[in-house]
1. Could you give the alpha-carbon Rg of the stretch 215-299 over 2.2 N^0.38 Å, rounded to two decimals?
2. Could you give the distance between the Cα centres of the stretch 217-273 and the stretch 276-316, to the whole Å?
3. Springs between alpha-carbon atoms under 10 Å, Gaussian network over the chain: tell me which of 75, 38, 247 tops the mean-square fluctuations.
4. Relative to the longest principal axis of the C-alpha atoms of the chain, give the angle of the C-alpha long axis of helix 329-368, reported between 0 and 90° and rounded to the nearest 10°.
5. As an exercise, use a Förster radius of 25 Å and the Cβ-Cβ distance of residue 234 and residue 180 to find the FRET efficiency, rounded to the nearest 0.05.
6. Can you tell which of 309, 294, 51 shows the greatest fluctuation in a Gaussian network model of the chain with Cα springs below 10 Å?
7. Give the relative contact order (percent, whole number) for the chain; include only Cα pairs under 8 Å separated by 6+ residues.
8. Take 248, 23, 49 and order them by how many other Cβ atoms sit within 10 Å, fewest up front.
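Bear in mind these aren't lab numbers, they're just calculated from the coordinates by the rules spelled out. Just so we're clear, the structure is a prediction, and the values are computed from it rather than from any experiment. All Cβ positions, even for glycine, are placed from backbone atoms using ideal geometry, and neighbour counts span all protein chains on display.
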């Protein structure tokens, strides 16, 4: 018995994303003492919480351990909360996500600068309004019902996007590559704004950075802004509805190319360095180009030309230089219609997700406060999990 373990998988702060745990980038530790491993092992009843981060919105984010990360270790800046009981763990996870608790966490970390740190002592002393075990189960089931609705809504656009990608790939399979992407669209790379001019004031003009782009969608959580007076001098980099944007740093992830279409609700916004904006020279081709950028051909092209090792990136010239097949007008219009249908489905799913997330937040506030009876009308959500 050496007293140390073999290589053990680790959940790091980088694996904890805003919408869950992403273990595509998995690291292992060797030489960990058995006693240390036992203290830091993630179990079925472990709730992981972000305890320290430069982004204050991340501190306090909580996630119940999934099968994927059980028996992993959790690393620095993460806090493990383990009540030793599955029902209680599920209840605590929902309670920690409630707006009441999140506001308390924000207030508790408000005075710190740089990294925002959550005190373990403060967390241990946090009073929990604990209902009966049966009530805990019912609350967990009700909130799980809304999670199921949200999960179904999120899966629809992905399915359609897969169909769109298959159609594009099939159309390209037998065609020679003859046209540069730069011949079909104007490609503009964003401006290198001085980060000291950035502000978190949400009423100012948003800055679109690569961090805000996911495959098929823009996310503005943690967005930076530029004062409107200063932004007026950069009209060249104004974004408009229907613009296509591509992240140039780490442009390809497990879910595909980080490209999205700008919506009316996304503007006003300015294009920042390391992000490319595309506008078709022939406006009706915009939806076709959007579909083109989600194809296997473009994804493989980016992977072949990106440089930077652990921090891969591409240039505007490389995006311009992507060779695409020459298709007939009818084929391009068909692909454009498919892309438009996928985008419309994503918009509809987004509205449903927004409504379901609002309901979820209301449920967490109402049910976990301990001050209100659970209305019988909420029981309809139990049917979702049946």
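1. Working: Rg = 13.4 Å, N = 85, 2.2 N^0.38 = 11.9 Å.
Cα Rg divided by the expected 2.2 N^0.38 Å: 1.12.
2. Here the answer is 15 Å between Cα centres.
3. Per the Cα network of the chain with a 10 Å cutoff, 38 tops the list.
4. Result, in degrees: 20.
5. Plugging the Cβ-Cβ distance into 1/(1 + (r/R0)^6) gives 0.35.
6. In this elastic network of the chain, the residue with the biggest mean-square fluctuation among 309, 294, 51 is 309.
7. On the way: 621 pairs, mean separation 69.3, N = 386.
Answer for the chain is 18 percent.
8. If I rank by nearby Cβ atoms, fewest first, I get 23, 49, 248.
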